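The values are calculated or read from the model by the stated rules, or taken from the named source; none is laboratory data. None of the values given here were measured: they were computed from a predicted structure. All Cβ positions, glycine included, derive from the backbone under ideal geometry; neighbour counts span all protein chains shown.
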Amino acid sequence: MELISPSSFSTGLLIWQLAMLVYLGFWVYALLEVLRNEFRGAHERLMWILIILFAPIIGTFLYLSMGRRARKRRKFNPDFNSKHT
């Protein structure tokens, strides 16, 4: 049985696998961001999930570039007057 030597390993295959691994990371990140955040409209979350799942390459980068603007902006508004015991 012959071991695979580095000279027989295709560089193009390595680049393709690394690109897919990076893309998979973006896809998982976008899906988790959609699930974690609140949106202004009632069905926006469902819409983004469907876009990311059924058009994964386009949907992932569309959400990362456009969908983050559709989220509700959280305002830091602490209530220091309330007493917690």
Could you give every pair whose Cβ atoms fall below 7 Å, whose first residue belongs to the range 30-53 and is more than 16 Å from M66 (Cβ to Cβ), and whose second residue is at pLDDT 90 or above, counting only separations of at least 6 or pairs across chains? none
Residue that is modelled with the lowest pLDDT [pool: residues in the range 37-77 that are of a type in the set (S, T, N, Q) and part of a loop (DSSP other than H, G, I, E, B)]: N77
Which condition does S7 not pass, out of (1) of a type outside the set (A, V, I, L, M); (2) at pLDDT 90 or above; (3) exposed (fewer than 10 other Cβ atoms within 10 Å of the Cβ), if it passes all the others? (2)
